[in-house]
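Each remark here refers to the structure printed beneath this line.
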Amino acid sequence: IADALSSGAGNIDIDSTGSTVGISNTVTTSTGAITVDADGLTTVTALVRATGNGSVAFAGTLPGDLSLGVGPTTVGAATGGNISFGQPVTLTAPITISTGAAVGDISFGAASSITGAQTLEITAGTGNIAFGTADTECPIGETALTSLTINSANNVTFNSTVDAGFVLQSAGGAAGTT
């Protein structure tokens, strides 16, 4: 997608069966949902965001991996909406994932993993952050991350290994599992 794509309250669904998806320009919705999925590699080098309380899902229902190379800026930004990842994620630039200060969860599903010698900064406001849903799901750092910073979250749950230069949780509401 080389041209900007936006929708106010409507949903944006970007799927490719039998091929890849490349997002090189901003994809924005306000209160709608953005879903991105592909059989092949999905490469994101531009902002994908819900500016209102919409949601962003890198779905993972198709078998393709996700490459995030926006850096250093925000991908999957939402204001109070949820952000989810359902497939393996490779970072190719410093990445920030944020739901803003409002309630909005950030989740990496059972099939997810996170790798790449980059920084990853996550802000979930008063929402929760989950890396996997059960033991051994969503390992972090097949190629070690430079750093993993949790700026804010109510609860943070890691269900597998974390390999990063350092891990910092700088703020959080309630006690959680870290």
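Here, each number is a calculation from the coordinates, and none is a lab measurement. All values derive from a computational prediction rather than experimental measurement. Glycine also receives a Cβ, built like all others from the backbone with ideal geometry; neighbour counts cover every protein chain displayed.
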### Among Ile122, Ile34, Thr146 - extreme Cα towards positive end, dipole of the chain, charges at beta-carbon
Ile122
### Message
Can you compute the modelled spin-label distance between Thr92 and Thr161, with each label point 7 Å from Cα toward Cβ, in nm?
### Response
2.6 nm
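Quick check: residue separation of Thr61 and Ser170 times 0.36 nm, minus the Cα distance between them. What number comes out in nm? Walk me through the numbers on the way to the answer.
On the way: separation 109, 0.36 × 109 = 39.24 nm, distance 3.29 nm.
This chain segment gains 36.0 nm when fully extended.
Quick one: putting +1 on the C-beta of Lys and Arg, -1 on the C-beta of Asp and Glu, what dipole do you get for the stretch 1-125 around its Cα centre, in Debye to the nearest 20? All intermediate terms of the calculation are to be shown ahead of the outcome.
Details: 1 positive and 8 negative charges, 49 e Å.
That gives the stretch 1-125 a dipole magnitude of about 240 debye.
Expressed in nm to one decimal, what extension gain is obtained for the pair Ala4 and Glu142 from 0.36 nm per residue of sequence separation less their Cα-Cα distance?
Details: separation 138, 0.36 × 138 = 49.68 nm, distance 3.30 nm.
Gain in length upon complete extension: 46.4 nm.
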#### Entry: Asn151 paired with Leu41, simple spin-label distance in nm, labels 7 Å along Cα-to-beta-carbon
2.9 nm
### Summary
Taking every other residue with Cβ under 11 Å from the Cβ of Ala38 and scoring Lys and Arg +1, Asp and Glu -1, one gets -4
### Task
At 7 Å along the Cα-to-beta-carbon direction for both Ala101 and Asp135, put a label point, then send me their distance in nm to one decimal.
4.1 nm
